[in-house]
Amino acid sequence: MGDTIRTELSPSQSVSRFFTGEPLTVSYDTSVESVPDSILTIPALAQVCPVAWANGAAVSVGQVDKQFYEGLNEVRETLCDMYDFFDGGEIRAREIIETDVPERTAASGLLFTGGVDSTTSFFRHQDESPTVISIRGWTIRPGQSHDTKWKHQKERTRAFANEQDVESAFIDSNMLSCLDSAMLLAHYKRFVDGGWYSSIGHGLGLLGLCAPLTVSKGITDLYIAATHWEGIDLEWGSRPDIDNHVRWGETNCHHDCYDQTRQERLSLLANLINTEGKAVELQTCNRQTDTNCNACEKCYRTAIGLKLAGLDPNDHGYVFEDKEYVQVRKSFENGDWVLGQDERYMWEDIRERSKAVEPRSAAERDFFNWLATTDLSTIVDNSSPPLRHRLIRAGARNTPEPVYRRLYPIISSATQSDSS
């Protein structure tokens, strides 16, 4: 084993179409050989259980940590309350164990991407010197085509950790390859605002991958930065009523920054930059990881948010001039972006903040005047994935499994753009 866990998954016939047949593999940059078996089962359970619960299926496991087992039942209740299509299901463990972990000085860890949320969370807990943890397996997938992205992400994370004088850690997993993401999307996209992992799985899933690492490194508090904030009741895979129930051994997980809107997080970063001289460069783009692409909705949204916070986006990882306001408006009006309720709330936050800020140019004034009178809910309602993706998913739902398996490479490739 050493630094890698390999878990064979044996799905029953009722859920087999949601698994590819690959074992779950999770690799760490430190040895997890001395970690108890009751903790080593956690990464797999964290990926498998939501799929089982959506189908009313039971999950059987040999050993499991008692704290995690109890928290898992609480997470199940949250997901069943959140989604009508969840049927629930038992967790059958041969042994539920009070994991004996060595006494250690409390340490903290933070799931880190270099974006607005995780960077804000880091500075909120900077006095704890949290280990920053980057994970490959979701937005950056396994496989040669993503190797360069992962290389850049690791370099950026290490550079940030060195600059802040903290440790970094890296996890590499195939959790969305052992799960059949295309089939999950085919069945459940019609019920959720995003993909399977974003809408259902990523809070429990990403935190669960960290369990062996936290025991190996003595991390007792693990933070995952909030995407949303108080007052937004979206069906989403990472929320306080999911993440705050996840725990194992002596480690507790925390949904962080939920008390701040995205603009308030940017204002906190602006204050640190202006008063303490912090050098903050953000990486928010999902298209690439060496730099921001400066052309996608998320890049534009972050650059405009930085301007509203009183910062020059060009000093913090973006290329943005006044002419970009015209392009952003055109992209909204032309339906160039597939947007969900998630993005609607982000732009409403920007709109609210813009009311208290004096525009610094005619282009900025024109854009915010337009934004103030635009019905963002209509823009979201008129935004949807390509028709061919919806037709492919509908066909996949009704295709016999043996036939689907032969067609899987085509279905997976065709729908990968919105499959997470």
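The values are calculated or read from the model by the stated rules, or taken from the named source; none is laboratory data. A quick note: this is a predicted structure, and the numbers were derived from the prediction, not measured. Backbone-built Cβ (ideal geometry, glycine too); neighbour counts: all protein chains shown.
The listed residues are LEU213, LEU207, and the only one of them that is touching a Cys at 6+ places or on another chain (Cβ under 8 Å), of a type outside the set (Asp, Glu) and assigned to a helix (DSSP H, G or I) turns out to be LEU207. In this structure, LEU72 does not satisfy being in a helix (DSSP H, G or I), in contact with a Phe, Trp or Tyr (Cβ under 6 Å, 6 or more places away or on another chain) and within 17 Å of ASP241 (Cβ to Cβ). Taking first residues from the stretch 275-291 that are assigned to a loop (DSSP other than H, G, I, E, B) and partners that are surrounded by fewer than 21 Cβ atoms within 10 Å (Cβ to Cβ) and among the acidic types (Asp, Glu), no Cβ contact under 6 Å between residues at least 6 apart in sequence or on separate chains turns up. Selection over the stretch 156-179 of residues that are under 25 Å from GLU276 (Cβ atoms) and assigned to a helix (DSSP H, G or I) gives a count of 9. Being part of a helix (DSSP H, G or I) and without any contact (Cβ under 8 Å) to a residue 40 or more places away in the chain is the filter here; which residues of the stretch 124-136 pass it? Across the stretch 124-136, the qualifying residues are GLN126, ASP127.
Only one of the numbered conditions (1) touching a strand residue (DSSP E or B) at 6+ places or on another chain (Cβ under 9 Å); (2) in a loop (DSSP other than H, G, I, E, B); (3) at pLDDT below 95 is not met by THR139, and that is (1).
For (1) at pLDDT 95 or above; (2) on the phi > 0 side of the Ramachandran plot; (3) of a type in the set (Lys, Arg), each residue gets a yes or a no:
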site: GLU8; (1), (2), (3): yes, no, no
site: GLN13; (1), (2), (3): no, no, no
site: ILE39; (1), (2), (3): yes, no, no
site: PRO43; (1), (2), (3): yes, no, no
site: ALA46; (1), (2), (3): yes, no, no
site: TRP53; (1), (2), (3): yes, no, no
site: VAL59; (1), (2), (3): yes, no, no
site: GLN63; (1), (2), (3): yes, no, no
site: LYS66; (1), (2), (3): yes, no, yes
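Restricting the search to the stretch 1-15, which residues are in a loop (DSSP other than H, G, I, E, B) and free of Cβ contacts under 8 Å to residues at least 60 places away in the same chain? Those that are in a loop (DSSP other than H, G, I, E, B) and free of Cβ contacts under 8 Å to residues at least 60 places away in the same chain: MET1, GLY2, ASP3, GLU8, SER10, PRO11, SER12, GLN13, SER14, VAL15. A count restricted to the stretch 72-83 and to residues that are in contact (Cβ under 8 Å) with a residue 40 or more places away in the chain and surrounded by fewer than 21 Cβ atoms within 10 Å (Cβ to Cβ) stands at 4. Filtering the stretch 26-40 to residues that are touching a helix residue (DSSP H, G or I) at 6+ places or on another chain (Cβ under 8 Å) and in a strand (DSSP E or B) leaves VAL26, TYR28.
Can you find a residue that is in contact (Cβ under 8 Å) with a residue 12 or more places away in the chain, touching a Pro at 6+ places or on another chain (Cβ under 8 Å), surrounded by 14 or more Cβ atoms within 10 Å (Cβ to Cβ) and not in a loop (DSSP other than H, G, I, E, B) anywhere in the stretch 310-333? No, every residue in the stretch 310-333 fails to be in contact (Cβ under 8 Å) with a residue 12 or more places away in the chain, touching a Pro at 6+ places or on another chain (Cβ under 8 Å), surrounded by 14 or more Cβ atoms within 10 Å (Cβ to Cβ) and not in a loop (DSSP other than H, G, I, E, B). Of all residues in the stretch 89-120, those satisfying the criterion of being assigned to a loop (DSSP other than H, G, I, E, B) and surrounded by fewer than 16 Cβ atoms within 10 Å (Cβ to Cβ) are GLU90, GLU98, ASP100, PRO102, GLU103, ARG104, THR105, ALA106. Among the residues of this structure, ASN294 counts as one that is in a loop (DSSP other than H, G, I, E, B) and outside the structural domain of GLY114 (by TED's automatic domain parsing). Restricting attention to the stretch 183-240, the residues that are aromatic (Phe, Trp, Tyr), surrounded by fewer than 24 Cβ atoms within 10 Å (Cβ to Cβ) and under 30 Å from GLU33 (Cβ atoms) total 0. A count restricted to the stretch 246-261 and to residues that are surrounded by fewer than 24 Cβ atoms within 10 Å (Cβ to Cβ) and in contact with a Gly (Cβ under 7 Å, 6 or more places away or on another chain) stands at 1. Report the residue count in the stretch 1-28 for those that are more than 29 Å from TYR83 (Cβ to Cβ), among the charged types (D, E, K, R) and surrounded by 14 or more Cβ atoms within 10 Å (Cβ to Cβ). Within the stretch 1-28, residues that are more than 29 Å from TYR83 (Cβ to Cβ), among the charged types (D, E, K, R) and surrounded by 14 or more Cβ atoms within 10 Å (Cβ to Cβ) number 1.
When you look at ASP221, is it outside any helix (DSSP H, G or I), at pLDDT 95 or above, within 30 Å of ASP312 (Cβ to Cβ) and among the charged types (D, E, K, R), yes or no? Taking the combined requirement at face value, the residue does not satisfy it.
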